[in-house]
Each structure stands twice: as C-alpha cells, then as structure tokens.
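To keep things clear, I will list the structure first and then write my remarks on it.
The values are calculated or read from the model by the stated rules, or taken from the named source; none is laboratory data. In this text, all values refer to a predicted model and were calculated from it rather than measured experimentally. Cβ placement follows ideal geometry from the backbone for every residue including glycine, while neighbour counts extend to all protein chains displayed. Calculation scope for accessible area: heavy atoms of the full protein, side chains included, ligands and nucleic acids excluded. Shrake-Rupley method; radii C 1.70, N 1.55, O 1.52, S 1.80 Å.
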Amino acid sequence: MKPKKQVANATMKDVAVQAKVSTATVSRALMNPDKVSQSTRNRVEQAAIEVGYLPHSLGRNAKRNESRTILVIVPDICDPFFSEIIRGIEVTAADQGYLVLIGDCAHQNQQEKTFIDLIITKQIDGMLLLGSRLPFDASLEEQRNLPPMVMANEFAPELELPTVHIDNLTAAFNAVYYLQQLGHERIACIAGPEEMPLCHYRLQGYVQALRRTGMTVDPHYIARGDFTFEAGAQALAQLLSLPVPPTAVFCHSDVMALGALSQAKRSGLRIPEDLSIMGFDDIALSQFCDPPLTTVQQPRFDIGREAMLLLLDQLHGEIVSSGSRLLDCDLIERGTTSAPGMRK
C-alpha cells in the first residue's frame, strides 16, 4: 500500500506538486469541479488527501445541507475596530437562527486550508469579508461557485460583491477640512497600508482637502502605519523629527491616533495646544483617553447588520446586486483638536 505523504500545514501548492498539476487546476478541481475532467479531479482529490490538505472523511461528496453557519473573515481580530461590526453581524445572524464563525487572517498563516475545507464540505452557507481580499486564491469565475458573499467596511470593485461601507474619501476630506477651519496649515497624515483600498480613499480625501484650499501636499508629511498603536507612535515620532513639524495630524484609524497621542505626550507636547490629533472610526477607547479623541464616527454596528441582512437576502434566494451601499458617518469633536497654539 502506498504510504501517505503527509505535509505539515499543507498548502494548495503541496497538492499541486503531488498531483503534478498547477495550483490553478487544484483550485478549480476543489471549488469548481465541473471545469476539470473526472480523472484530473480524482488525481487532485487523492493528492489533497495524501498530503493532508483535505480530511478524507470530509471530501466533496459531503451531502449538501444547510449548515445555518456564516463565516466572517476578519483582517485582524486584535484590532478593536472590528468588534462592533462583528456584534452587528452576530446580533442579526442570531435573530435568524444563524451561527457565526470568525476567521482571523492576521495571526494564522495556514487559514487557507481551513477556509477551503469549510467551503467544499458545505459547513458554511455564506461568507462576510471585513477586508478587501479573499483569504485564498480564486478567479472571478471560481468565485461565482463559492457560497454567497458580502463585503463589509472595505470596497474592492474587482471582486464584484455587494458591499456596505462609508464614503471614506469624503469623510477624510471633511476631517482635514475641519482642521483647516481651525486654522491649521501644517497638517500631516498617518496613513494605513498602501494596499488597502480604504486607505487609498482616505489619503485621497486628505490630498484633495489640501489642494482645495491651495495648500502644498508635502510627501514628508505623509507617514505610513499598519493600524497598530506602535505604528501610530512611530509615525508621529518620524513627523516630529521634521525640520518644520506639523501642528495637526490626521490619522487613518483611532488606534494609530492613540499611539500618536501617547508619543506626543512622551515628547513633551501639550494636546491640543501644541498638536491637534484627528482619529478615524470612533472606537470605545477614543472616548476615554486623555484628552478624549476627536474622530470620524463610523456606524460600525450598522455596517455589520446591513451586510448580514444582504447576505441573508441571498441565502433566501433573492437577487442582490453587487456594488456599494453607503452609510453615513459623523465627525465627533472632542478634546484633541483646537486652533494651533504656540509651542513651548
């Protein structure tokens, strides 16, 4: 009997090597089997079992039953921003008798296998994406054979999914314009990762606000972070080291804004007299820092609820068009912003 060639934390690439096919063929054979020959499908499924990518007892022949379970893909479960979106999802799902599974993309490198197992063994009825990417490779054609999906918070038109989010560009524009109205002329930006669509829109809002009032867009005034407290602190330290530091900072998230606030205090600055700080999201912590954070309030619970309702519509057989469903947001003025004062 041929021994099984089990691979620790097997990936789709391991299956492809074992079956002597491309990873694209593996993806089609597992998630879109009608597009490959029966012999190829058998070879791929056998290879998946041999390397440990697919549990043998849960192959493609699992009976199609409604699981009443939804998979929520979260970019980073440690980011407090997502808590209210998830609560909105769970409350709405529970009301209709659905269970919610959380998949964290940031801290588990082998989630691809887990997610595909859940899909091909029919253990989930639908998926909610809180980030801008699928947690595994799938062509647009293959996506049409996946369970119903809705995107919440982000907007990635190439995925052609129903999407619930705010107008990030306009919200950022209004936040920076507010700082301009206070009298600030040296306004910096602590932006999120360049590859995230919402960061692109928020940065465009910052740039457009500066240009609308004739201010110069100085690339040195734009620092990047990864939505962590540490990144906000490091970015502000970088900005404060400039020959002419900013008098105000617009941050792409409250978490980075709180990191910046901490760094500003360690640097001996008074907030807001020496430096105004604007956040984005209105997480719970923003109300309880010292001073409380001025920020853009996203309707996070509503984003989760509306995304789940769209997914339920699909699960109930209704046709749901792809594209944006925009929700309103508000600017919440608290204690971290004021007219620019004199530095010590």
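Some points to look at:
- Filter result (modelled with pLDDT of 95 or more and either within 20 Å of SER253 (Cβ to Cβ) or crowded, with 22+ Cβ neighbours inside 10 Å (or both)) within the stretch 181-195: HIS184, ILE187, ALA188, CYS189, ILE190, ALA191, GLY192
- When the stretch 246-256 is filtered for residues that are open to solvent by less than 10 Å² (accessible area, probe 1.4 Å) and over 15 Å from ILE283 (Cα atoms), the ones remaining, listed by number, are PRO246, ALA248, VAL249, PHE250.
- Every residue from the stretch 199-219 that is aliphatic (A, V, I, L, M) and either surrounded by fewer than 16 Cβ atoms within 10 Å (Cβ to Cβ) or touching an Asp or Glu at 6+ places or on another chain (Cβ under 6 Å) (or both): VAL217
- Residue tally, condition assigned to a helix (DSSP H, G or I) and either open to solvent by less than 30 Å² (accessible area, probe 1.4 Å) or of a type in the set (Val, Ile, Thr) (or both), over the stretch 153-180: 9
- Complete set of residues in the stretch 330-344 that are surrounded by 13 or more Cβ atoms within 10 Å (Cβ to Cβ) and either in contact with a Phe, Trp or Tyr (Cβ under 7 Å, 6 or more places away or on another chain) or at pLDDT below 95 (or both): LEU331, PRO340, GLY341
- Of the residues making up the stretch 280-307, those that are in a helix (DSSP H, G or I), closer than 17 Å to VAL255 by Cβ and out of contact with any helix residue (DSSP H, G or I) (no Cβ under 7 Å at 6 or more places or on another chain) are ALA284, GLN287.
The rows are residues; the columns are (1) part of a helix (DSSP H, G or I); (2) touching a Cys at 6+ places or on another chain (Cβ under 7 Å); (3) open to solvent by 10 Å² or more (accessible area, probe 1.4 Å); (4) over 18 Å from ALA175 (Cβ atoms).
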position: ASP226; (1), (2), (3), (4): no, no, yes, yes
position: ALA235; (1), (2), (3), (4): yes, no, no, no
position: GLN238; (1), (2), (3), (4): yes, no, yes, yes
position: VAL244; (1), (2), (3), (4): no, no, yes, yes
position: LEU258; (1), (2), (3), (4): yes, yes, yes, no
position: GLN263; (1), (2), (3), (4): yes, no, yes, yes
position: ILE271; (1), (2), (3), (4): no, no, yes, no
position: ASP274; (1), (2), (3), (4): no, no, no, yes
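- Pairs are defined by a Cβ separation below 9 Å, a sequence spacing of at least 6 or placement on different chains, a first member in the stretch 209-235 that is closer than 25 Å to PHE82 by Cα, and a second member that is open to solvent by 70 Å² or more (accessible area, probe 1.4 Å); the pairs so defined are ALA223/GLN234; ALA223/GLN238; ARG224/GLU194; GLY225/GLN234; THR228/CYS78; ALA231/ARG224; ALA233/ARG266; ALA235/ARG224.
- The condition of being of a type outside the set (S, T, N, Q) and under 16 Å from THR337 (Cβ atoms) does not hold for ASP226.
- Scanning the stretch 306-329 for residues that are among the charged types (D, E, K, R) and either surrounded by 24 or more Cβ atoms within 10 Å (Cβ to Cβ) or over 17 Å from the mean Cα position of the chain (by Cα) (or both) yields ASP313, GLU318, ASP328.
- Residues within the stretch 310-329 that are part of a loop (DSSP other than H, G, I, E, B), closer than 14 Å to MET149 by Cα and in contact with a Pro (Cβ under 8 Å, 6 or more places away or on another chain), tallied: 3
- Of the candidates VAL91, VAL150, VAL72, the single residue that is more than 23 Å from VAL15 (Cα to Cα), surrounded by fewer than 19 Cβ atoms within 10 Å (Cβ to Cβ), hydrophobic (A, V, I, L, M, F, W, C) and at pLDDT 90 or above is VAL91.
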